[in-house]
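What follows is one structure encoded as structure tokens, with my remarks underneath.
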Amino acid sequence: MRMTQEELDQLMADSAQNAIETTKTEFNIDLDGSVESIALVDSVILAWIDKYKDQALEDNAVFTICNIYGAYIGEIYKQLVGGHWRYDESDQDAPYIVVEYAGKSYAFAGICYQRLVNDSQISVNNYFEQAVGNSIQ
């Protein structure tokens, strides 16, 4: 899948907006684009399981949930610190999107996946705070 940087940026901005709108519709929670709102994402990710049970863990749902919230967090990171989206196709079977900044990359969708699927104790907010801390040292 070849995509220009502009197309990738637009996709991720649209996905972040989708997270805002979907969260409001599904849970009546306002994600306002602030750093503080990232703590809400931790709760919202688990709320999908509470509301939809096993359906939230079906492949398409997992992909969508992780990508829209990953985009939401990544867009806030970019506004706060900087960086750019990069589509990584190094593994053709499992391409992924990261935010790159100062030689480091941050897989915000990946940390959402870990919280949703593998370990509800993992915090996307903590990951975000570590990413910001790494970037401003």
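The values are calculated or read from the model by the stated rules, or taken from the named source; none is laboratory data. Since we're looking at a predicted model, the values are computed, not measured. So basically every Cβ, Gly included, is an ideal-geometry build from the backbone, and we count neighbours across all protein chains shown. Heads up: the accessible areas ignore ligands, DNA and RNA and are worked out on the full protein's heavy atoms, side chains in. Shrake-Rupley method; radii C 1.70, N 1.55, O 1.52, S 1.80 Å.
Remarks
- Each of 115, 2 has its accessible area taken with a 1.4 Å probe; listed largest first, they run 2, 115.
- Estimated FRET transfer efficiency when R0 is 41 angstrom, pair residue 90-residue 43 (beta carbons, to 0.05): 0.80
- Residue-averaged 222 nm ellipticity for the chain, from DSSP H runs of 4+ at -39500 (n - 2.57), nearest 500: -19000 deg cm²/dmol
- Inter-label distance, nm, simple model (7 Å from Cα along the C-beta direction), residue 24/residue 5: 3.1
- Volume per residue of the convex hull around the Cα atoms, evaluated for the chain, comes out as 107 Å³.
- Accessible area of the stretch 23-65 divided out per residue, in Å², using a probe of 1.4 angstrom: 61
- A simple count of charges around residue 45, restricted to other residues whose Cβ falls under 14 Å of its Cβ and scoring Lys, Arg +1 and Asp, Glu -1, yields -2.
- Loop-exposed GluC sites (Glu not before Pro) per DSSP, neighbour cap 15 Cβ within 10 angstrom, longest uninterrupted part of the chain: 1-57
- Label point distance in nm, residue 136-residue 102, each placed 7 Å from Cα along Cα→Cβ: 1.0
- Solvent-accessible area of the chain (1.4 angstrom probe, protein heavy atoms only): carbon and sulfur portion equals 48 percent.
- The number of Lys pairs in the chain with C-alpha atoms less than 29 Å apart, excluding pairs fewer than 8 positions apart on the same chain, is 4.
- Cβ-placed point charges (K, R +1; D, E -1), dipole of the stretch 1-135 about Cα centre in debye, nearest 20: 220
- Cα gyration tensor shape for the stretch 1-77, rounded if a/c is under 1.5, else prolate or oblate: oblate
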